[in-house]
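Note sheet for the following structure.
The values are calculated or read from the model by the stated rules, or taken from the named source; none is laboratory data. All values reported here derive from a predicted model rather than from experimental measurement. Here Cβ is always computed from backbone atoms with ideal geometry, including for glycine, and neighbour counts include all displayed protein chains. Accessible surface areas use protein heavy atoms only, side chains included; no ligands, DNA or RNA. Shrake-Rupley method; radii C 1.70, N 1.55, O 1.52, S 1.80 Å.
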Amino acid sequence: SQQGEEDPQALSIQEGENATMNCSYKTSINNLQWYRQNSGRGLVHLILIRSNEREKHSGRLRVTLDTSKKSSSLLITASRAADTASYFCATDAGTSYDKVIFGPGTSLSVIP
Amino acid sequence: GAGVSQSPSNKVTEKGKDVELRCDPISGHTALYWYRQRLGQGLEFLIYFQGNSAPDKSGLPSDRFSAERTGESVSTLTIQRTQQEDSAVYLCASSSPIAGGGETQYFGPGTRLLVL
């Protein structure tokens, strides 16, 4: 079963708008990561947030983590057509070797 | 090397044939993952290697799937008696553990497998 689940499954917005994607997970984690996958390509790491952090920024990306609700959100501000991609959250399973498990992803389309 | 490489990039095979997929991780990365991604779907964990520890094979979908890794270098994923349902992109990723976990996984470009 999935550790992380993103929602929505698909999101379509106009260029310049903000995009928010959510990730919920089931068990305690040490870290949560977000990755991006452009069509037909491998995944690229975006940002990591640790369990003792609540918010993190990287450029136009803002990630929040609420461990009490077992959820995280990824906000992309001032979206661009180039942001069109699938976004995945990945969590460790809390095991000693930190195996990472990916959610099913959110497909984001930014319309120029 | 500069990144994770996978070969072949594309593979078309007939149902019932065996295929072998190769992954060359980033030098020095002790952890290696294999994932399967069907069209329009998320990543499905297959197997995880970490150093000299026994691999975590919990994601392998059937006994037709197997994987090996030589030390901390190249890994091969073998699918025997392929079925049409095996058609997917097979992604490999490597990482180097860091204190506190959460190391970044570096992905290869994937092998696109089509079983006719």
*Say whether the condition of being within 14 Å of chain A (Cβ to nearest Cβ), surrounded by fewer than 18 Cβ atoms within 10 Å (Cβ to Cβ), of a type in the set (Ser, Thr, Tyr) and in contact with a Lys or Arg (Cβ under 9 Å, 6 or more places away or on another chain) is met by at least one residue in region B:8-24.*
yes
*For A:Asn22, which of the numbered conditions (1) open to solvent by 20 Å² or more (accessible area, probe 1.4 Å); (2) among the polar types (S, T, N, Q); (3) touching a strand residue (DSSP E or B) at 6+ places or on another chain (Cβ under 6 Å); (4) within 12 Å of chain B (Cβ to nearest Cβ) fails to hold?*
(4)
*Can you find even one residue in region B:46-54 that is outside any loop (DSSP other than H, G, I, E, B), away from chain A (no Cβ under 11 Å) and either within 23 Å of B:Ser5 (Cβ to Cβ) or open to solvent by 50 Å² or more (accessible area, probe 1.4 Å) (or both)?*
yes
*When you scan region A:1-60, how many residues do you find that are β-branched (Val, Ile, Thr) and free of Cβ contacts under 8 Å to residues at least 60 places away in the same chain?*
4
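This table checks each residue for (1) over 11 Å from the mean Cα position of the chain (by Cα); (2) assigned to a loop (DSSP other than H, G, I, E, B); (3) facing chain A (nearest Cβ under 9 Å).
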residue	(1), (2), (3)
B:Pro61	yes, yes, no
B:Gly71	yes, yes, no
B:Thr78	no, no, no
B:Ala93	no, no, yes
